[in-house]
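Just dropping this structure here.
The values are calculated or read from the model by the stated rules, or taken from the named source; none is laboratory data. This is a predicted model, so every value here is computed, not measured. Here the Cβ positions follow ideal geometry from the backbone for every residue, glycine too, while neighbour counts run over all protein chains shown. Just so you know, the surface numbers come from the protein's heavy atoms only, side chains and all, with ligands and any DNA or RNA stripped out. Shrake-Rupley method; radii C 1.70, N 1.55, O 1.52, S 1.80 Å.
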Amino acid sequence: MDNRQISDLTNICRELNSEKARERKAAAVKLKTYICQNSYRKALDKNYEYKLANKNAGRVFTWDTVFRATCGFLSMETEDLKKANQDVSRITLSNRESRKQEISGLVKCVIKQADKGYPKLKGSLLFEHIRDVLQDSYTYDSYGQDYCSIFLKNVLSMKKYVVELKAEEWREFLSMFFNIYKDSETKIDKLILARIIHAMMCCMKIQCDIRPKKVFSFFSEFFLKAKEHKSPLLIQHMLCGMNVFIKSLGSTSRVQICKLGEDIIPSILYLWRNVASDELKDHIVEFLQTQMSCHHPGGVKRDCPGSYALHWDKWMSNLKKLYELLYSEIQQLQTRNRGKSFYLQDKFVALSVDVCQQLFSESSHIIEVTQLSMTGTSSHSGPGTKKRRLESGWEEIRNFISSAGQSVKMVPWLQLVTGHVSKYPTSIPTEEVFPYLTCLSHVLVDCKRTDLMKYVMSCIKSFVCHWTDISNRSEYLHEQTCNIWTQVWIVTLRFVRLHSAEPDGYSLLSALVKHKLVSPRKDIWSLFIPSLTQPITESVTFLHNLLVNCDFLENYVPDLTIAVLSAQGDVKYPLRKQLIDWLIPSNDDDCELPIKHCKIAPDWTALVLVALTLRDMSSVRGRSDFGDDRQEKLSTLEVQCLELDLEQPMEIEKKLIQKPKRQFTSDAVLIPSLLHHVENKIKSEVQCHCSKLIEQMADIKEVVIFTRLVSNILQLLIENTILTQVNVVQSSLYTSMVSLLKKISTCLQDVVKKDSYSGIGIILNELKVLYDLSSVCSQDHGNRNQESIKLMASVQRLATPSRLIDLLLDITNDKHNPARQTSNTSIDTSMNGSRLSRGTSRILDDIIDPLDLEFDDNSNNNNNVAMETEDLDFDDATSSQDGDENTSTDEVYQSVISRNSLSESQILRLESLYILCEISRYDSIISDKNIVDIKYIKNKIMKLLDEDAFDPSRNIDVQMMIFIVKSFTNRHQILSEKHLTVLVDAISCCVKHHKRDQEVCETILELLVMLVPHLATDTGMSNNGLQESRDIVLSLVNAFWKLQEDVYITSVRARMASVLEHLVQYDPDCIWSSFPILRDNDDSLTQDEDKGPTPVSRFIDCLSDNNHYVRIQVASAIYKLFININIEGHPPLHHKSQIEHLDIIVNTLSCSLDIQGKLQPERLKDEKITRQCSMLVTLGTIICTSNICEKQAVFTLIKFIQDRNVPIDDVIKV
């Protein structure tokens, strides 16, 4: 410690709280000067670090000491200002205002300097001081603007401060800022207040469960006064905050969200027309889309099951006004001049599609809209309102498209039709299908603009991809459209040959072939000649669809290749070889030319190449379904709303009803000469790559992509049993992969020696894909597929040079990084001893006490800030934030588990770790002395979590720990006792350090879920080691359980329920998973299986959680209490235990249906709906899985219908 600097600061802090105003003023000037100097800051930083490392260090002068003294200075100066005569001249008043700014400026300066590098103040002290200043009327008027700025920029942006505030304190602060904003006499800038409310919503979404009553009331009041708001930026922050708030609630508050939308949508539309910027419009679209998802999930129409509105007439009136706005926006878009803004944004299209789905009717082509008043708040028509008749419907849109000629004016309507057909294919009237396809085909024939062509093709493709759904409603559509599809095929083929809109053209052709709407002629194969077309990803996909779905003419020779084949003599399989040559074009011995086939997707290219070597090309096994044109249609919110209305299948159906797996009658039959041809082509390319002098990253990337192609071909040949464990290493393809990996290793080593790790991120990204074996292999071939993956993993390891492994290990361990020494601050080393010291007994010495996770309450019991300076010296240890370089992002604060919080070098470490984990994921099934030792790699990886290396205060260490646990606990891994011990210790250490961080705690519980299966097995483990790991995990879960209601948010409690669910699954008889209990006479823990709570009892208790998400998660998994899903056939559990479980469940459900407290009607309805839903799903799941409890569960349902007025219609759905 630098005694001189600390001594100077101590004297200044004493003078800062002096009774003499002159001394205080002089001390303030000195303090501001000193803390801006590096020597004084470093002295305070060292004291802060020393205090962190030594909790019992006693009095230490830290940044908190300086801050307390500054707070005392503000209090004393404020008292003097209060006592001053108010009846003075203007100049004196102006001087006083300047003095107030100087006072608050000192506070801001101290906070800013203290937080340089990483925050070092105690969050509770900071929050308490800000709250006191803003709650006092005089200090609020004097310093309110400055303190709001401090709160926004210096407090809410710091993760350390955000996680220290308790849930109730968050709610108090939010209520306080709501009141400040609503205060008509406030002098604080409303924009700063809006930014604070937005930021607080983002923080509260992660840190606490938001109580909706006051928040709904505030936002409703704000937006109902739309005409008072003139600043787009202020409205934007309020709207963003509201969107964050609504998303945090989801379907649990569906009634309240619907009411909010029905009330304020007219005002929102007014803002769109009169105030909104482009950015604000995006947020308005997001809000309106949320409303559509809540009112009409999945596009269900009014009065259909799943739809909901409090007042349907009011909501439908809002929809018509919204349609008018969307219609007007499209009309305005068409009137714009040149530029690229002739198309609609995707989110706008999605909203328009959902609105049209509700308003388009086959019986009406007119929508009457009551136009918005100038205030935007009229909700009914009257003598002063105007009505507008808008043409609507499919026919009107078709007229727009057909009358647009070659103008881009048709693009918005094309986008609308494309989106509608893709999301709601059966909603287009049957009589409109043929006219639409006729119209679109004519537009395509006449089209001469590439920018327009892709939208026309995309629109036609949407009909093609959903043709089964569309055409099943009419038996005449197939005959009517036959000529149209042929015309579309011919025209699109012409465009492709002319290289116009190639990607979209090939995609349309692929869809036509895949859905068997055309029968290609034999001259289609002439398209795949190097002199005519070059392979791109879409053209390779098209070729694959041709091979799989069309007849293949083995001996067909396109005209342009006849001369070449004549010179070569008799050639077998000419068409196949032509296609292979097209996919891997020759370089003509000129290795300086770019290798163009590396620009296409290696997975598709490999799939087609392997198919061409098989007699039956449709028999190739692999991921032939990736790139499917059907997308997920429902948003998460829509699914949740439909589940709430019991319109979705129950989880028990998804889990226990097995989908039929694809059956293959025989193995694929190889044509050896064609495989040899492919191998020769690849060998030639490999020689070209290896002979080139490669120095640029782009060239190295090209080599890695080509290596991916070779690896994918090998993997597909293995999966199709062409290559086996016996002959795979003798394959020419294997030799090529070895050569390529050696070349990559050499190039990377040269780059690292020359430029360190600069720029190698793009190479690591490609290597990640190379070693990720899930990208090509199919997912539905069962054990056989897993065996092929294990064999391919062994082949890759055998081909991987040891120097590449060493290089990846060096990157992971951050060796040779020039910034490494400077980035290691003293805090990293000073904390190692105390933070990670683990005694001989891991249980007793480290984590057995769950109370260790409790938040320290004494930090909130601070004395008055004007206390004596000697009393200011006491300090409590607080969690430090990652001291690495922090870059500003759009986030409110940087999350510990977010990549945005990492530097470029740290991201490289994470990427290389990923590659190493993938390399060591599967056990070796090839015995070879040259193969990389998996144990060696795993041990090296595990050393990252050793107590002398793992630092939970560093974000990179936490993220690496998370990835290591996820990788090492997957279902293919068998954990050794040593590795299990390391993982459990690292997790417990991380929990202790980030116990306040909800995101980290949620992630930790997710890791515990993955660890549970490994705790249930004793393969290769001693009883003592396994039991210690079990006890630590159970103690952690026990601690989370104890603090769940007061401390942890819904998502954390849901993860905890998942841990309990897995404990129930893997230890149904609770042999080892009983939790420790707390003795009454002391605070120590004991393991008593007779008295300690079991996972079963706590899992059932989760049915009474305050939040619907937790309840429905438990309800969906309740079947695990009645059947053993670990055993094939899912045998029932013991008769007695099933009866006992049902009794407890029924009692818990009965209590859950009793809603406590006085709630608003809308919230009461939300609670009633969600609780009934979880009850019905629970009992329905039991009825489906337990023959023993079926009758009693049905009887309970009937009783609930009688006693609790449960709707019979909902019971029938279950």
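What net charge is computed for the residues neighbouring residue 1157, neighbours being all others with C-beta under 12 Å from the C-beta of residue 1157, Lys and Arg scored +1, Asp and Glu -1?
Every neighbour counted, the sum reads +2.
In the structure shown, do any of 225/1165; 182/205; 182/259; 281/992; 83/112 have a Cα-Cα gap over 32 Å, and if so which?
Violating the 32 Å Cα-Cα cut-off are 281/992.
Work through the residues other than residue 1144 whose Cβ is under 12 Å from its Cβ and net out their charges, Lys, Arg +1 and Asp, Glu -1.
Residues close to residue 1144 contribute a combined charge of -2.
Taking the Cβ of residue 266 as the center, what net charge do the other residues with Cβ under 12 Å away carry, scoring Lys and Arg +1 and Asp and Glu -1?
Neighbourhood net charge equals +2.
Hand me the GluC sites (Glu not before Pro) from region 431-486 located in a DSSP loop with no more than 13 other Cβ atoms within 10 Å, in residue order please.
Sites meeting the loop and neighbour criteria: 475.
Next question. Could you pull out every residue, at least 5 positions away or on a different chain, whose amide H is within less than 5 Å of the one on residue 1125? Hs are placed 1.01 Å off N in the peptide plane, and Pro or chain starts have none.
none
At what distance in nm do the modelled label points of residue 899 and residue 11 sit from each other, each positioned 7 Å from its Cα along Cα→Cβ?
Once both label points are built, they end up 5.4 nm from each other.
Here is a further query. Determine how large the accessible area of residue 99 is when every protein chain is in place; take a 1.4 Å probe and give Å² rounded to the nearest 10.
40 Å²
Roughly how many debye, to the nearest 20, is the charge dipole of region 896-1012 about its Cα centre, given +1 on each Lys and Arg Cβ, -1 on each Asp and Glu Cβ, and no other charges?
120 debye
Quick one: order 1014, 283 from most to least accessible surface, probe 1.4 Å.
283, 1014
Got a sec to turn the phi values of region 224-234 into Karplus ³J(HN,Hα) couplings, 6.51 cos²θ - 1.76 cosθ + 1.60 with θ = phi - 60°, whole Hz, x for Gly and Pro?
5, 9, 4, 5, 7, 9, 10, 8, x, 5, 4
Something else now. In nm, to one decimal, how far is the modelled label at residue 933 from the one at residue 96, with both set 7 Å along Cα→Cβ?
8.0 nm
If R0 is 41 Å, what FRET efficiency do you get for residue 1201 and residue 633 from their C-beta distance, rounded to 0.05?
The formula returns an efficiency of 0.75 here.
Work out the FRET efficiency for residue 169 and residue 138 from their Cβ-Cβ distance, taking R0 = 30 Å, and round it to the nearest 0.05.
0.80
Can you tell me how much longer the chain between residue 815 and residue 1151 gets when fully stretched, taken as 0.36 nm per residue apart minus their C-alpha distance, in nm with one decimal?
Contour length minus the Cα-Cα distance gives 115.1 nm.
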